[in-house]
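Chemist: One structure is given below, represented as structure tokens, and several questions about it will come after.
None of the figures in this text is laboratory data; all of them are computed from the coordinates on show. From a predicted model like this one, the values you see are computed outputs, not experimental measurements. Cβ atoms come from the backbone with ideal geometry, glycine included; neighbour counts cover every protein chain shown.
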Amino acid sequence: MNFIKRAWLNVWAKKGRSVLLILVSSAILMFVLAGLLIRSAAVKATNQAKADVGATVTLSANRQAAFKKMQSSSSSSKSSRPKLSLTPVKLSDASKIAKLSNVKSTNVTSSTAVNASSYDVVSTSSSLGGNSGGPGGMKSSTSSGDTQIDGVTATSLATDFSSKQSKITKGRGITAADKNTNHVVIEKELASQNDLTVGDTVTVKESSGDKAKVKMTIVGIYKASSTSSSSAGPMSTDPSNTMYTSYTLANTFKGSKYAGTADSVTFNVRNPAKVGSLKTAGKKLINTSKYSLSTDDSSYQTVKASMNSVEGFANKIVWLVAIAGTIILALIVILMIRERRFEIGVLLSLGEARWKIIAQFFTEMLMVIVVAVAIAGAGGKFVGDQLGSQLVAQSTTTQTTSTSASGQPGGGGQPGGNGTRGGGPGNTGSTSKQATKKTDLDISVSAVNLAELGGFGLAITFLSIMIASGGILRLEPKKVLIS
Amino acid sequence: MLKTTDLGYWYQDKQQPLFEGINLEFEAGQSYAIIGHSGTGKTTFLSLIAGLDRPKAGEISLDGKSLSKIGLTTYRRHDVSIVFQAYNLFTYMSPLNNLMTAMAITAAEHAGDRDYAQKILEDLGIGADLINRNVQRLSGGQQQRVAIARTMACDANLVVADEPTGNLDEDNTKEVIAQFQRIAHDQHKCVIIVTHEPNVADQCDHQYRLENKQFTAVS
Ligand SMILES: Nc1ncnc2c1ncn2[C@@H]1O[C@H](COP(=O)(O)OP(=O)(O)OP(=O)(O)O)[C@@H](O)[C@H]1O
Ligand SMILES: [Mg+2]
């Protein structure tokens, strides 16, 4: 083990050179660590984002089948006006699907329109008072009115709220506990125009059936984002005229035959990667000629793509830097060996084995690398922070551009209108915004990172010594010592 | 103890060897000087008996065993000790560590014995004040004495030196040659010195001149 002692004597005697080597190695390893940090942060963020963003499966009427039926009936009997009849979703079907293992939560949506009674609707110049249900899909109910009622299980599960486009500003949202109550959440603008606040009541008049007046208690006020109003298009009513109630109340407005039904039921999936198998399992539980199950994991896919690109980039950095570092270090070691030819010659003339000479160089570099790993570990966080934020900014910009350019036809394909106003581009916009939020990279140096860094340091040292050792193996002591 | 049989060597051209058909014998307890004009192949010859290169013709044997059979690395480690004109020492070590390192590599009998190494150095005039100083901060004569101390500390019975006094002044030369004589006579080793200084050659027990591809004894 004399070579270890020699290595130490050499590193210690040539302090200046050792310090320089440590600095060069630290710089190389710092870049490796930065790559490792970004990569591990990207993996962490991807997992987090996958859990946060999630994906949905929506149970709704089978529009395609209904459309076909309408066409065939219109061709057979020309006298009657063709009518698109959509079968409301049965909640008993929904509860069967809700019991499947991958379902995290269920949101029942039932929308209708009623007419204002005790208040005035908010009107915008483009609004003609007719409710078109937004471009995303038509309402299944034929009724029309000046106030849109979005019946839900809970507002927190509604797309507008989960995507943060709408926010509860006062009171609370609709929850599952509001089932079978007359509680309502109204928009801020409507509230201020009519001087309404939490605890007040509003009265609406049903637009179908017996046109009964119904009194509702305001439990919360929400603010709709301008994004949703601008993307809703000129044909829809002002978004401020949308009220959220429990789906049971919305069904009451529609009429008694709608009890126990819904326009659609959205299931939030626990593991977005397995959304397809949930759909398959769900299909077995329903009558597919009347109902359809559609999936929406576009948010998940966007986040995944965004994070994958960061991860791929980080991977490339790690390998590029490792390779470049190995080459740089190998060149340094080669130069070092040339300059130490006489020493090697003396060792050889004493009968030292060549592998022990290589082992001495390796040990010397190892001593340098150990210190360099410590320095890089301390300094790498700084580099990682800088690089991480830069990367995320860059990749999310790219991602947003690419998704909005390609567009998502049909707004995730949610037929029947489940309260997702502004499907299509509006939906995409909100998804990207969400993705940006989720991709904040959490960069911190963990023990695993340091272990990985040590591994890379070891590998780089080993490889560079191996590359340079060709010189030692070929060295002839006679040529070195006798010139 | 060391014997060359029909030894021959050439660099490029077989038709023009530096020397050929060399049959010499070197005995333990004796010192030998090899003299000759520049470029005749003295260093080349020394590199062969030092185990730094292989002969092109013939063979060298130590106590009846050929060097190729012993293996050059083993031969260098156990049987021969080399002193050069320069570049003898590990520049990043003290005299003491140079001796300790050489003793460790050659697995000498006294490997690891600091006191032994220190005593040898002191005998050669490298006192306690110099023993732990970096060898680069020693004079040429002191460095060469450390190199000689190293051959004395190792067990090799054959000591070869190429112009060991080439960089030294008269006083140091005398001192160094006296030490080589002590190695030969007191330690009973075989010492072979290449030199072009007549007064160095005259000190040795035997002289050989390399001339016209042959070694001839000088008396
Ligand atoms: N590696 C080599 N390749 C080719 N020729 C060489 C090589 N080394 C030495 N020579 C030639 O071989 C001859 C003998 O060289 P060598 O060094 O043995 O001479 P020398 O007797 O030691 O001379 P000097 O007294 O000047 O040291 C010289 O002519 C030299 O040019
Ligand atoms: Mg010579």
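Chemist: Please go through the residue pairs A:Lys274/A:Lys316; A:Lys479/B:Lys56; B:Lys69/B:Lys213; B:Lys14/B:Lys56; A:Lys90/A:Lys223; A:Lys90/A:Lys254 and name each one whose alpha carbons sit more than 20 Å apart in this structure. Walk me through the numbers before you get to the answer.
Modeler: Working: A:Lys274/A:Lys316 29 Å; A:Lys479/B:Lys56 17 Å; B:Lys69/B:Lys213 26 Å; B:Lys14/B:Lys56 9 Å; A:Lys90/A:Lys223 31 Å; A:Lys90/A:Lys254 15 Å.
Over 20 Å apart, Cα to Cα: A:Lys274/A:Lys316; B:Lys69/B:Lys213; A:Lys90/A:Lys223.
Chemist: Got the relative contact order for chain B handy, in percent, Cα pairs under 8 Å and 6 or more residues apart?
Modeler: Working: 422 pairs, mean separation 66.1, N = 219.
Relative contact order for chain B comes out at 30 percent.
Chemist: Which whole-Hz ³J(HN,Hα) couplings does segment B:177-182 yield from phi under the Karplus relation 6.51 cos²θ - 1.76 cosθ + 1.60, θ = phi - 60°, glycine and proline marked x?
Modeler: 5, 4, 5, 4, 5, 4
Chemist: Using the per-residue mean of other Cβ atoms lying within 10 Å as a proxy for protection, in what order, highest first, do the peptides B:105-112, B:181-188 fall? List each step's numbers first, then the result.
Modeler: Numbers: B:105-112: 17.2, B:181-188: 15.8.
By packing density, highest mean first, the sequence is B:105-112, B:181-188.
Chemist: OK, next. Considering every residue in B:85-97, what mean count of other chain Cβ atoms within 10 Å of its Cβ is obtained? Mind dumping the intermediate values first?
Modeler: Numbers: counts 2, 2, 10, 4, 3, 10, 7, 10, 6, 2, 0, 0, 4.
Other-chain Cβ atoms within 10 Å of each residue's Cβ, averaged: 5.
Chemist: Using Cα pairs closer than 8 Å and at least 6 residues apart in sequence, work out the relative contact order for segment B:128-219, in percent.
Modeler: Numbers: 76 pairs, mean separation 22.1, N = 92.
Answer for segment B:128-219 is 24 percent.
Chemist: I'd like the orientation of helix B:95-105 relative to chain B: the angle between its Cα long axis and the longest Cα principal axis, in ° from 0 to 90, rounded to 10.
Modeler: 50 degrees
Chemist: What percentage of all Cα-Cα pairs in chain B are separated by more than 32 Å?
Modeler: On the way: 3852 of 23871 pairs.
More than 32 Å apart: 16 percent of the Cα pairs in chain B.
Chemist: Over segment A:186-338, what is the relative contact order in percent, taking alpha-carbon pairs closer than 8 angstrom and at least six residues apart? Show your work: numbers first, answer last.
Modeler: Working: 99 pairs, mean separation 24.5, N = 153.
Contact order relative to length: 16 percent.
Chemist: If we count other beta carbons within 10 Å of each Cβ, what is the order of A:Thr112, B:Thr151, fewest first?
Modeler: Numbers: A:Thr112 30, B:Thr151 25.
Sorted ascending by nearby Cβ count, the order is B:Thr151, A:Thr112.
Chemist: I would also like to ask the following. Per DSSP H run of at least 4 residues, take -39500 (n - 2.57); add these up for chain B, divide by its residues and hand me the 222 nm value, nearest 500 deg cm²/dmol. List each step's numbers first, then the result.
Modeler: Working: 8 runs with 76 residues, N = 219.
My calculation for chain B gives -10000 deg cm²/dmol from helical runs alone.
Chemist: Quick one: length gained pulling B:Asn23 to B:Lys56 fully straight, 0.36 nm per residue minus the C-alpha distance? Mind showing how you got there, number by number?
Modeler: Details: separation 33, 0.36 × 33 = 11.88 nm, distance 1.44 nm.
Gain in length upon complete extension: 10.4 nm.
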